[in-house]
Amino acid sequence: MITLINHQGLKAIRGIQIQNPAPHIGLAYLGAFLKKNGHNYTAIDACGEALDQILSYEDKNDIMIQGLTVSQIIPRIPSDTRIFGFSCSFSHYWVLVSKIAAAIRREFPEALFVAGGEHPTAMPGHILNEDMFNVVVMGEGEETFLELARRVENDQTWDDIDGIAYKNREGQIVQNSPRKRITNIDEIPYPDWDNWCLTNYIEHKQIPGINLGRSMPILGSRGCPYGCAFCSNGKMWKRRYIMRSGRSIVDEMEYMKNKYNVDSFSFYDSTFIVNRDKTISFCQELIRRKLDITYKLPAGTRCEVFDEELALLLERSGLRNFMFALESGSEEIRKIIKKNISMKNFLKAVKAVKKTKMTVGCFIVIGFPEDNKKSLKQTLSIIRKLAFIGMDDITVSKFTPYPGSEYFDDLYRKGYFNERLEELGDLISFFKSDTRSYCEALSSRQLYHWMNWMFVNFYIISFLIRPWKLIKSFWDYYARGVETTRYMRFFSDRFLQRRKWKTSKV
């Protein structure tokens with residue numbers, strides 16, 4: 001009756017971007033919640049079921065699709081399916097989701113098509129106006145989708161369900177009241193990974209961030225309390241941050257370690273380290289259990305609660321790599337984008353981490369609409385300073401306006417996007433020279449040169465001052481198969497993996 005579908009992955013085969021598909025934790029959570037409440041479902045992972053199959057991506061010769069073709073997906077669908085559930089976490093995947101849905105709609109014209117995730121939540125009108133989907137689940141999806149499934153199963157009306165958007169009989173988009181967030185997230189069942197090809201992803205080392213071994217995803221919290229103007233988190237989670245108890249997180253780690261023979265975890269949290277006391281409780285619980293596992297935080301991490309005590313405790317608990325999220329070296333730009341970080345506190349946190357053996361990087365974004373040469377020079381100065389301090393990695397990317405963010409809404413009102421939002425397909429390419437610039441003072445090519453210059457400055461300074469770190473990174477990679485830094489991840493991606501993608505192209 002219910003079929004949940006994960007879209008294929010995208011692979012960049014040019015430039016300096018690392019783009020790896022990963023197990024879809026949202027659909028795995030949704031599946032587990034359905035099963036707990038008596039609803040069986042069929043899972044079709046269009047990416048995980050064919051990780052070795054690489055396909056062309058329309059007219060883009062710098063991107064490939066990883067996974068099943070649409071014609072391979074159709075025969076996998078049970079004929080009695082009444083509800084199809086799709087998720088689209090990132091806007092650049094929408095073109096994949098929409099093509100799969102359109103093909104299935106032709107085969108199942110009477111079924112209910114439901115879309116969820118950050119992109120549909122941010123743009124329910126855009127999704128529903130394409131006439132493939134009947135319902136958009138906005139925000140946290142478990143309780144909303146379950147109620148929808150129950151109504152459909154019992155042939156009841158569903159247009160009054162909180163947390164959905166739909167098109168009524170007059171063709172108008174209706175958005176119902178938001179559904180209240182789940183507050184006791186410790187009670188949510190573990191993700192139903194058995195149905196989502198988890199072992200395939202583990203064996204193919206398809207996971208966000210660097211490769212620390214046999215790694216799998218985990219989620220320790222939901223939401224983010226901050227309001228960065230470039231982030232879509234506010235639409236999805238309403239800025240409420242809820243962290244699981246340390247015991248709950250470690251219980252899941254122990255269970256998954258024993259079940260799937262993993263030795264490392266990748267946290268999918270928007271930002272994990274917010275509540276100092278709960279973070280300490282988690283670390284102490286993990287240390288007490290002696291599970292002999294490592295973990296990483298590939299998303300941006302805030303610096304406010306960091307000090308030497310916390311850094312040492314995180315290291316003892318198994319944290320091996322994470323990324324701070326400074327975004328800009330310009331105080332003026334950070335105020336504009338609502339990234340309220342004190343540079344003094346940020347540098348203090350970096351120095352505290354560098355007293356441990358953890359590797360740490362920093363996310364930088366250039367090309368905000370208000371950026372200019374002065375602000376980029378300030379950012380370059382900070383990047384050089386971070387290299388001297390001993391930060392291990394830097395990631396510099398061009399600004400892209402994500403649907404659901406304040407920036408996107410403002411640029412949309414100003415007419416930067418057409419009505420069909422065809423530009424969304426380019427959001428994956430924020431490391432290229434020819435993608436659109438939203439910065440009034442600098443062109444796309446100028447931003448590209450600035451981006452490369454920042455990379456060159458950081459890594460030349462780093463390698464000249466600490467050449468042994470480069471040697472150790474290569475030794476860890478070749479001797480143990482472990483990537484301790486993002487530049488080693490890029491090395492593996494650029495010189496080993498991309499060659500395989502090109503030769504295995506269908």
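The values are calculated or read from the model by the stated rules, or taken from the named source; none is laboratory data. Given the structure is predicted, the values throughout are model-derived calculations rather than measurements. With ideal geometry, Cβ positions are generated from the backbone for all residues, glycine too; neighbour counts draw on all protein chains shown.
Here Ala229 fulfils each of the conditions (1) at pLDDT 90 or above; (2) within 19 Å of the chain's Cα centre (by Cα); (3) aliphatic (A, V, I, L, M); (4) buried (at least 20 other Cβ atoms within 10 Å of the Cβ) apart from (4). Residues in the range 151-177 that are free of Cβ contacts under 8 Å to residues at least 24 places away in the same chain and either of a type in the set (Lys, Arg) or surrounded by 13 or more Cβ atoms within 10 Å (Cβ to Cβ) (or both): Arg151, Trp158, Ile161, Asp162, Arg169, Val174, Asn176. For the range 210-237, the set of residues classified as among the basic types (Lys, Arg) and assigned to a strand (DSSP E or B) consists of Arg222 only. Here Lys180 passes the criteria (1) of a type outside the set (Val, Ile, Thr); (2) buried (at least 19 other Cβ atoms within 10 Å of the Cβ); (3) outside any helix (DSSP H, G or I) except the one numbered (2). The residue that is farthest from the chain's Cα centre (by Cα), among those in the range 427-442 that are surrounded by 16 or more Cβ atoms within 10 Å (Cβ to Cβ) and at pLDDT below 80, is Ser433.
Looking across the range 1-26, the residues that are over 14 Å from the mean Cα position of the chain (by Cα) and modelled with pLDDT of 80 or more come down to Met1, Ile2, Thr3, Leu4, Ile5, Asn6, His7, Gln8.
Which of the following residues is in contact with a Gly (Cβ under 6 Å, 6 or more places away or on another chain), in contact (Cβ under 8 Å) with a residue 12 or more places away in the chain and more than 30 Å from Glu203 (Cβ to Cβ): Ser281, Ser330, Ser264? Spell out how you get there, then give the answer.
Working: Ser330 fails: in contact with a Gly (Cβ under 6 Å, 6 or more places away or on another chain); Ser264 fails: more than 30 Å from Glu203 (Cβ to Cβ).
Sole residue among the options that is in contact with a Gly (Cβ under 6 Å, 6 or more places away or on another chain), in contact (Cβ under 8 Å) with a residue 12 or more places away in the chain and more than 30 Å from Glu203 (Cβ to Cβ): Ser281.
Has the range 354-364 got at least one residue that is buried (at least 23 other Cβ atoms within 10 Å of the Cβ), aliphatic (A, V, I, L, M) and touching a residue at least 60 places away in the same chain (Cβ under 8 Å)? Yes, the range 354-364 contains a residue that is buried (at least 23 other Cβ atoms within 10 Å of the Cβ), aliphatic (A, V, I, L, M) and touching a residue at least 60 places away in the same chain (Cβ under 8 Å).
Table: residues versus (1) surrounded by fewer than 20 Cβ atoms within 10 Å (Cβ to Cβ); (2) under 27 Å from Gly213 (Cβ atoms).
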| position | (1), (2) |
| --- | --- |
| Ser248 | yes, yes |
| Phe267 | no, yes |
| Arg276 | yes, no |
| Thr279 | no, yes |
| Thr301 | no, yes |
| Phe306 | no, yes |
| Leu314 | no, yes |
| Asn321 | no, yes |
| Ile336 | yes, no |
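Applying the criterion of being part of a loop (DSSP other than H, G, I, E, B) and of a type in the set (Val, Ile, Thr) to the residues of the range 183-192, the residue that is surrounded by the fewest Cβ atoms within 10 Å (Cβ to Cβ) is Thr183. Kindly check whether there is at least one residue in the range 269-283 that is over 22 Å from Ala352 (Cα atoms) and either at pLDDT below 95 or not small (Gly, Ala, Ser) (or both). Checked against the condition, which is being over 22 Å from Ala352 (Cα atoms) and either at pLDDT below 95 or not small (Gly, Ala, Ser) (or both), the range 269-283 yields at least one hit.
The C-beta contact set for the range 462-473 (first residue more than 13 Å from Thr485 (Cα to Cα), second residue exposed (fewer than 15 other Cβ atoms within 10 Å of the Cβ) and at pLDDT 90 or above, distance under 7 angstrom, 6+ apart or interchain) comprises Ile465/Phe388. Counted as qualifying within the range 283-387 are the helices (runs of 4 or more DSSP H) with 2 or more residues that are closer than 15 Å to Thr271 by Cβ, namely 308-317, 343-353. Taking the criterion of being under 24 Å from Pro401 (Cβ atoms) and over 23 Å from the mean Cα position of the chain (by Cα), would at least one residue in the range 98-121 satisfy it? No - not one qualifying residue is present in the range 98-121. Output the residue which, of all residues in the range 443-479 that are surrounded by fewer than 15 Cβ atoms within 10 Å (Cβ to Cβ) and hydroxyl-bearing (Ser, Thr, Tyr), is modelled with the lowest pLDDT. That would be Tyr478. Only residues that are surrounded by fewer than 20 Cβ atoms within 10 Å (Cβ to Cβ) and either in contact with a strand residue (DSSP E or B) (Cβ under 6 Å, 6 or more places away or on another chain) or assigned by TED's automatic domain parsing to the domain that holds Gly26 (or both) were counted across the range 207-221, and they come to 2.
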